[in-house]
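Here is the structure we will look at.
Derivation of every value follows stated rules applied to the coordinates shown; laboratory data play no part. Keep in mind that what you see is a predicted model, and the values were worked out from it rather than measured.
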């Protein structure tokens, strides 16, 4: 599963991060009660996302620090379920990172690395991409890449070269793995801040060798129009891609890739009709929800 958890910040000031927006004295009045409510909501999403089958591996983005992950895993109903985590601090100016959660009885990490995606020439300081190699319970080796690509801040066209740059870095890393082992099973997941037809995302699917969009397996986007809604328009900007070998394996199995649309993470869209993600804030106004994105789930 992959989930953009929308600004999971604690309530403590970190002098090394631009976290002033999420402090008790700031305009948003972020406090421990709101923080704990959000953490409990996120745990509820993980517990309910796939019925009785808990996700073995979960990619997260927009997490401030390790303490936030510990709050999620060890102060909620997830505590007894054996989840562990991999996280590195990234150079992102806002202080948000990516992380990988995993069930220790279902996945054994072998190694991990924070891949630096910053670029002096583009004046880009951004989130690392998290790379984790490990063994699933059935001894399948998987390579995971957890992404949170540069936003469209400043305009989609102006910011596009930054996403294209990151896409090339990720593609180079997956190509390197596949050059060593062309049967390697790779999962690239994340908030790419771009839809599948955009140039940055297409780079991942270029030959040779190509990655396959997992949402071609099932109904992703049909019931709910996307993972994120902006001014009434749904878009799928949270993606899962798999390597050629894993793609062929999944074609032989009962596979689903879908947007998680649990009722409690949606709310009525009174402005544009339909529903929208039940987010935590609208500007400075506390909304009491969980995230402005919906999770994506790949299961077999």
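Extension gain, residue 12-residue 175: 0.36 nm per intervening residue step, less the Cα-Cα distance, totals 54.6 nm.
The long axis of helix 156-180 is offset from the longest Cα principal axis of the chain by roughly 40 degrees.
Mean sequence separation of contacting Cα pairs (under 8 Å, at least six apart), scaled by the length of region 1-105, corresponds to a relative contact order of 31 percent. Separation of region 225-300 and region 93-132 by C-alpha centroid, Å? After rounding, the separation between the Cα centres reads 21 Å.
Compared with the dominant principal axis of the Cα atoms in the chain, helix 32-48 is inclined by about 30°.
Please report the relative contact order for region 2-299, taking Cα pairs under 8 Å with a sequence separation of at least 6, and give it as a percent rounded to a whole number.
Rounded, it is 16 percent for region 2-299.
Region 12-65 and region 137-169 have their alpha-carbon centroids 21 Å apart.
Tell me which label goes with the value of mean projected area of the Cα convex hull in nm² computed from the coordinates here: [x] 15.2; [y] 17.9; [z] 20.7. Correct label, based on the coordinates given: [x].
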